């Protein structure tokens, strides 16, 4: 366990020292904004008339900027004596946000590398789920400061993850229906799994937020 891993060990929660420094919340908000951008690029990547090389290049830039924000979170927590909530939760939240971006970047990269020409509409439905998850997450991060009005966020993310699971199953059924050539099935399945992974990663972020809110309540 990291040193000072739990700042909540005290007789009365109300006696906890809270830092005036708000930069953690700003960094989480910044990290979530990267996800909104990434989800938008992913949607653009699925467009038939998109310049896929250009989109992939912009996605790489966005992913790099997201990594820098994650590194800033880690550096901040390692140099701060009193953190706004438990250090392991800060690491988990920062890592979880980073995982979402990595999965979306992977999906974009695969579409480019595999030179996918025909993309089933079901993939666009998954990306719409991802865009909604990104918007909700970006909206929720600033509310970590007050720990208020967060329950609707994780409930809706859970609902969206269930929708994503149903889309995932339908998409796999279509891929294996005989409509696609074997090589196309293999290519598309990898992309489908990346999208599913990104949605799951959003749910993991929401679960982390819920755990933090429960501890802080």
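The values are calculated or read from the model by the stated rules, or taken from the named source; none is laboratory data. Keep in mind it's a predicted model, so treat the numbers as computed, not measured. Cβ coordinates were reconstructed from backbone atoms using ideal geometry, including for glycine residues, and neighbour counts include every protein chain displayed.
Worth a mention:
- Number of residues in segment 159-183 that are touching a helix residue (DSSP H, G or I) at 6+ places or on another chain (Cβ under 8 Å), more than 23 Å from residue 97 (Cβ to Cβ) and assigned to a helix (DSSP H, G or I): the value is 5.
- Subset of segment 184-195 (residues that are in contact with a helix residue (DSSP H, G or I) (Cβ under 7 Å, 6 or more places away or on another chain) and closer than 15 Å to residue 109 by Cα): 188, 189, 190, 191, 192, 194, 195
- Residue within segment 81-90 that is within 22 Å of residue 156 (Cβ to Cβ) and in a helix (DSSP H, G or I) present: yes
- Conditions (1) under 30 Å from residue 78 (Cβ atoms); (2) modelled with pLDDT under 95: number failed by residue 122: (1)
- Restricting segment 108-131 to residues that are within 13 Å of the chain's Cα centre (by Cα) and crowded, with 19+ Cβ neighbours inside 10 Å, the residue that is farthest from residue 52 (Cα to Cα) is 129.
- Considering residues of segment 188-206 that are surrounded by fewer than 19 Cβ atoms within 10 Å (Cβ to Cβ) and more than 12 Å from the chain's Cα centre (by Cα) only, the residue nearest to residue 131 (Cα to Cα): 193
- Listed by first and then second residue, the pairs with beta-carbon distance under 7 Å, at least 6 apart or on different chains, first residue in segment 143-161 and at positive phi, second surrounded by 11 or more Cβ atoms within 10 Å (Cβ to Cβ), are 147/213; 147/216; 149/143.
- Of the residues making up segment 174-194, at least one is modelled with pLDDT of 95 or more and under 30 Å from residue 77 (Cα atoms).
Rundown of residues vs (1) within 26 Å of residue 23 (Cβ to Cβ); (2) modelled with pLDDT of 95 or more, yes/no style:
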position	(1), (2)
78	yes, no
85	yes, no
95	yes, yes
104	yes, yes
126	no, yes
141	yes, yes
144	yes, no
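- Applying a threshold of 7 Å to beta carbon distances and a minimum spacing of six or more residues, or different chains, the list of pairs starting in segment 121-142 at a residue that is under 15 Å from residue 157 (Cα atoms) and ending at one that is not in a helix (DSSP H, G or I) reads 140/150.
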